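K.L.:
One structure is given below, represented as structure tokens, and several questions about it will come after.
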Amino acid sequence: GDKVKQSPSALSLQEGTNSALRCNFSIAATTVQWFLQNPRGSLINLFYLVPGTKENGRLKSTFNSKESYSTLHIRDAQLEDSGTYFCAAEAASGSWQLIFGSGTQLTVMP
Amino acid sequence: NAGVIQTPRHKVTGKGQEATLWCEPISGHSAVFWYRQTIVQGLEFLTYFRNQAPIDDSGMPKERFSAQMPNQSHSTLKIQSTQPQDSAVYLCASSLDGSQNTLYFGAGTRLSVL
């Protein structure tokens, strides 16, 4: 089964609204990274997380290693937030393989 | 800082031809990763170099695929005798020091095998 499961797979938001994306892990993740793949295909790193919470502008992400999940909150969604969001987990300390989820395709509508 | 640079952006090959993909990591980064992205399989790890040495190629198909890092400023992924199932976006990424570091991706090379 999926080691990193993302939900929802797709999401449409009105501009200015809030939402949350989630990743559940069936592996013992030690760190998590969140990426946005823009319409041009570039993967942009949003967050690198050890257990805890980080915030950057309208984005906030939490990684709870004990309960094996991570969330990405988007506040006041803007058109430029559209794209596919991926979470990726590092499976063990000292590992180098990131295991990616299948992504959440977000569309922000005016 | 130009970020991770991948060339070419698009490559079209005929079945059975060879394809070489190039990656220039961010200056000062010691770790380079190759991933492959398809609609069906998503993002898959291929191989990893640290300080130019191959560390893990467990994701590489055993035949026809090879990767090298001859110097700290570039890595190549070579696919011999390309097949239609090799069609994908090949992504290169670098990080400061391997594990537990933020990964920075290039824009990718879209390979189409006809």
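K.L.:
I'm trying to understand the selection: among the residues of the stretch B:43-81, which are in contact with a Gly (Cβ under 7 Å, 6 or more places away or on another chain) and within 13 Å of chain A (Cβ to nearest Cβ)? Break it down stepwise before answering.
P.N.:
To start, the set of residues in the stretch B:43-81 that are in contact with a Gly (Cβ under 7 Å, 6 or more places away or on another chain) comprises B:44-47, B:50, B:81.
Scanning the stretch B:43-81 gives B:Glu44, B:Phe45, B:Leu46, B:Thr47, B:Arg50.
K.L.:
Looking at B:Leu21, B:Leu91, which is the one that is modelled with pLDDT of 95 or more, in contact with a Leu (Cβ under 8 Å, 6 or more places away or on another chain) and closer than 17 Å to A:Asn45 by Cβ? Before the answer, list the steps.
P.N.:
Numbers: B:Leu21 fails: closer than 17 Å to A:Asn45 by Cβ.
That would be B:Leu91, the only listed residue that is modelled with pLDDT of 95 or more, in contact with a Leu (Cβ under 8 Å, 6 or more places away or on another chain) and closer than 17 Å to A:Asn45 by Cβ.
K.L.:
Checking the condition surrounded by 15 or more Cβ atoms within 10 Å (Cβ to Cβ) and not hydrophobic (A, V, I, L, M, F, W, C), which residue from A:Thr107, A:Thr53, A:Thr71 passes? Full working, then the answer.
P.N.:
Values: A:Thr107 fails: surrounded by 15 or more Cβ atoms within 10 Å (Cβ to Cβ); A:Thr53 fails: surrounded by 15 or more Cβ atoms within 10 Å (Cβ to Cβ).
Just a single option satisfies the conditions, and that option is A:Thr71.
K.L.:
On the given criteria, is B:Tyr104 within 8 Å of chain A (Cβ to nearest Cβ), touching a Gly at 6+ places or on another chain (Cβ under 9 Å) and touching a residue at least 24 places away in the same chain (Cβ under 8 Å)? Reasoning before the result, please.
P.N.:
Values: within 8 Å of chain A (Cβ to nearest Cβ): yes; touching a Gly at 6+ places or on another chain (Cβ under 9 Å): yes; touching a residue at least 24 places away in the same chain (Cβ under 8 Å): yes.
Against the criterion (within 8 Å of chain A (Cβ to nearest Cβ), touching a Gly at 6+ places or on another chain (Cβ under 9 Å) and touching a residue at least 24 places away in the same chain (Cβ under 8 Å)), B:Tyr104 qualifies.
K.L.:
Enumerate the pairs (first residue in the stretch B:33-61 and in contact (Cβ under 8 Å) with a residue 12 or more places away in the chain; second residue anywhere and in a strand (DSSP E or B) and among the β-branched types (Val, Ile, Thr)) with beta-carbon separation below 6 Å, excluding pairs fewer than 6 apart on the same chain, so at least 6 apart or on different chains.
P.N.:
B:Trp34/B:Thr47; B:Gln37/B:Val89; B:Tyr48/B:Ile55; B:Phe49/B:Val32; B:Met60/B:Thr47
K.L.:
Yes or no: A:Ala29 surrounded by 15 or more Cβ atoms within 10 Å (Cβ to Cβ), over 10 Å from the mean Cα position of the chain (by Cα), more than 22 Å from B:Gln41 (Cβ to Cβ) and more than 10 Å from chain B (Cβ to nearest Cβ)?
P.N.:
Values: surrounded by 15 or more Cβ atoms within 10 Å (Cβ to Cβ): yes; over 10 Å from the mean Cα position of the chain (by Cα): yes; more than 22 Å from B:Gln41 (Cβ to Cβ): no; more than 10 Å from chain B (Cβ to nearest Cβ): yes.
In short, no.
K.L.:
Taking B:Leu96 and the conditions (1) at the interface with another protein chain (Cβ under 10 Å from one of its Cβ atoms); (2) of a type outside the set (Gly, Ala, Ser); (3) in contact with a His (Cβ under 9 Å, 6 or more places away or on another chain), which numbered condition does it fall short on, given that it satisfies the others?
P.N.:
It fails just one condition, (1).
K.L.:
Right, next: Sort through B:Val32, B:Val4, B:Val40, B:Val89 and tell me the only one that's within 14 Å of chain A (Cβ to nearest Cβ), among the aliphatic types (A, V, I, L, M) and loosely packed, with under 14 Cβ neighbours inside 10 Å.
P.N.:
Values: B:Val32 fails: loosely packed, with under 14 Cβ neighbours inside 10 Å; B:Val4 fails: loosely packed, with under 14 Cβ neighbours inside 10 Å; B:Val89 fails: loosely packed, with under 14 Cβ neighbours inside 10 Å.
After ruling out the rest, the residue left standing is B:Val40.
Conditions tested, residue by residue: (1) among the small types (Gly, Ala, Ser); (2) closer than 15 Å to B:Thr102 by Cα; (3) over 14 Å from the mean Cα position of the chain (by Cα).
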position: A:Asn38; (1), (2), (3): no, no, no
position: A:Gly41; (1), (2), (3): yes, no, yes
position: A:His73; (1), (2), (3): no, no, no
position: A:Trp96; (1), (2), (3): no, yes, yes
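K.L.:
Within the stretch A:56-68, restricting attention to residues that are within 14 Å of another protein chain (Cβ to nearest Cβ) and in a strand (DSSP E or B), which residue is surrounded by the fewest Cβ atoms within 10 Å (Cβ to Cβ)? Full working, then the answer.
P.N.:
Of the residues in the stretch A:56-68, the ones within 14 Å of another protein chain (Cβ to nearest Cβ) are A:56, A:61, A:63, A:65.
From the residues that got through so far, the ones that are in a strand (DSSP E or B) too are A:56, A:61, A:63.
Values: A:Asn56: 9, A:Ser61: 25, A:Phe63: 27.
That would be A:Asn56.
K.L.:
Please go through the stretch A:71-110 and give me each residue that is small (Gly, Ala, Ser) and either without any contact (Cβ under 8 Å) to a residue 12 or more places away in the chain or closer than 19 Å to A:Ser7 by Cβ (or both), ordered by number.
P.N.:
Taking the stretch A:71-110 as the starting set, the residues that turn out to be small (Gly, Ala, Ser) are A:77, A:82-83, A:88-89, A:91-95, A:101-103.
Once the filter is applied, which keeps residues that are small (Gly, Ala, Ser) and either without any contact (Cβ under 8 Å) to a residue 12 or more places away in the chain or closer than 19 Å to A:Ser7 by Cβ (or both), the stretch A:71-110 yields A:Ala77, A:Ser82, A:Gly83, A:Ala88, A:Ala89, A:Gly94, A:Gly101, A:Ser102, A:Gly103.
K.L.:
Could you list, in sequence order, all residues of the stretch B:10-32 that are within 11 Å of the chain's Cα centre (by Cα) and among the aliphatic types (A, V, I, L, M)?
P.N.:
Of everything in the stretch B:10-32, those that are within 11 Å of the chain's Cα centre (by Cα) and among the aliphatic types (A, V, I, L, M) turn out to be B:Leu21, B:Val32.
The values are calculated or read from the model by the stated rules, or taken from the named source; none is laboratory data. On a predicted model such as this, the values are computed, not experimentally measured, just so you know. Glycine also receives a Cβ, built like all others from the backbone with ideal geometry; neighbour counts cover every protein chain displayed.
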